[in-house]
Amino acid sequence: MHANFHHELFKAAMISRNFKNVLVVSIGFLSLFTAYGGLQSLQSSLNAAEGMGVASLSVIYAAIIVSSMFLPPIMIKNLGCKWTIVVSMACYVSYSFGNLYPGWYTLIPTSVILGLGGSPLWSAKCTYLTISGNVRAAKDNKKGSDVINYYFGIFFFIFQSSAVWGNLMSSLIFGQDTAIVDIPQEQLDSCGAADCGLNVTAYGNTTRPEQKLVWTLVGSYIGVGVLAILIVAVFLDNIDREQASEFRGSQQPFCHTFLATFRLLKDWRLVTLIPLTMYSGFEQSFLSGEYTKNYVTCALGIHYVGFVMMCFGASNSLCSILFGRIARYTGRAPLFALAALTNLSCIIALLYWRPHRDQLAVFFVFPALWGLSDAIWQTQTNALYGILFPREKEAAFANYRMWESLGFVIAFAYSTFLCLEYKLYIVLAVLVVTAITYPIVEYHERKHPTKPIEEGAYQNHKEVIKANEDIIYQTHL
């Protein structure tokens, strides 16, 4: 009886602790990406000179690719998930500092630093949530994938709302600008896909806001970034310390961890998912790089970028939690179909729409729909990778970031010299390829489901739980 009571107590403690950790990770990311999300939406308009802003974004994602090839497994194994997250967050904050005095020599190096931290940050977060989900599922005799789905849903719900706060800050602060002018008709005629969209900056409208306002905004961003680091460092439990110390003992050769990412490419399922993963990068970069500049800044002014992107963030947040729930009943495929159709209709509409400030509502409809489909791409692709590659989680998530980032790099790189119309055609083309390749994997998974990890492969994990139980019992006694 006594032992049983203890077991129940332990279960309750574990559940609340697991849940607390999910919240801490989510709130840390929320705080960090409040700053980064706000800066990313503004780069194409704010640092428009010589295409410096989008160039810095391209460099960020290129550095993420390089880091995802070898850094995540090494950092996670040596520092554990928690400290990997802390160190990577510090890399993100450096980019905010770079934006205090934007120039090639401040933006590009800090972009590289951010990019190197980017991949370990996301891999550690995914590994952390997946382990938490599996621990909780083992406790409750639930399906691992259900709990992981639920955790990712909570994470993305909280995390995606960062888009709201970071952009709200930028619009409120830039709205204080005394130099806001009415946009001349000849500029309005060149907004959207009507014109190439490469010379938007020639007019007075993308001129930077007053420098002191830029400093106020970037200073606030630095503040929330530092807050994120503190939250995680203080409140997050180290859950895979056992696995990390185990690894320190049996140090696998560097080439083994490095090649783990590429060895996974022998799996045809991963290769077939590359278009889907890259599409995720293309669609996100289109909204934050092209839509903001060629539709919003061009026709409404830079102080509207934040409000419009807030609409994306809010829609993204709500849909993340909604689709995390719905996925249990519908499965992934219908959701992916919905996302593809939504994006398809938006792309076609954006090709024909001529933005004008009288149609204010329309500027917000596009990001709202884009947010809905992006929520599906994000949550379902993440969950899909976790379910398809349960034994190679770190390598799988590293591949996910790597291919998604390649989408970002390519899109931001051609941003400065392709016409808007062609950019829309490219996004459309990648979407079509995705619609052909993804169903193959889904069909195969229907026919031959991947065995979840609970069966035997998680042996060392059972020991971790055992060790934790012993520690908790001692503290209870």
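Things to note:
- Scanning segment 399-430 for residues that are open to solvent by less than 50 Å² (accessible area, probe 1.4 Å) and of a type in the set (D, E) yields one hit, E404.
- Exactly one residue out of I387, I436, I471, I376 is at pLDDT 90 or above, part of a helix (DSSP H, G or I) and either open to solvent by 30 Å² or more (accessible area, probe 1.4 Å) or touching a strand residue (DSSP E or B) at 6+ places or on another chain (Cβ under 7 Å) (or both), and it is I436.
- Test for D358: is it part of a helix (DSSP H, G or I), open to solvent by less than 50 Å² (accessible area, probe 1.4 Å) and among the acidic types (D, E): no
Let's see how each residue does on (1) more than 25 Å from V224 (Cα to Cα); (2) buried (at least 23 other Cβ atoms within 10 Å of the Cβ):
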site: S16; (1), (2): yes, no
site: V25; (1), (2): no, yes
site: G28; (1), (2): no, yes
site: L39; (1), (2): no, yes
site: S44; (1), (2): no, yes
site: A49; (1), (2): yes, no
site: M52; (1), (2): no, no
site: S58; (1), (2): no, yes
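- Some residue of segment 455-465 being within 30 Å of K139 (Cβ to Cβ) and at pLDDT 85 or above: no
- Matching residues in segment 409-451 - criterion: being over 17 Å from K293 (Cβ atoms) and among the charged types (D, E, K, R): E442, E445, R446, K447, K451
- For beta carbons closer than 8 Å, sequence separation of 6+ or different chains, a first residue in segment 294-316 that is closer than 19 Å to S161 by Cα and a second that is among the charged types (D, E, K, R) and crowded, with 24+ Cβ neighbours inside 10 Å, the qualifying pairs are F312/D374; N316/D374.
- Among residues of segment 76-85, those that are modelled with pLDDT of 85 or more and open to solvent by 10 Å² or more (accessible area, probe 1.4 Å), counted: 2
The values are calculated or read from the model by the stated rules, or taken from the named source; none is laboratory data. Keep in mind that this is a model prediction, so the values were computed, not measured. Every residue, glycine among them, receives a Cβ derived from its backbone with ideal geometry; neighbour counts consider all protein chains shown. What goes into the accessible areas is simple: the full protein's heavy atoms, side chains included, and nothing from ligands, DNA or RNA. Shrake-Rupley method; radii C 1.70, N 1.55, O 1.52, S 1.80 Å.
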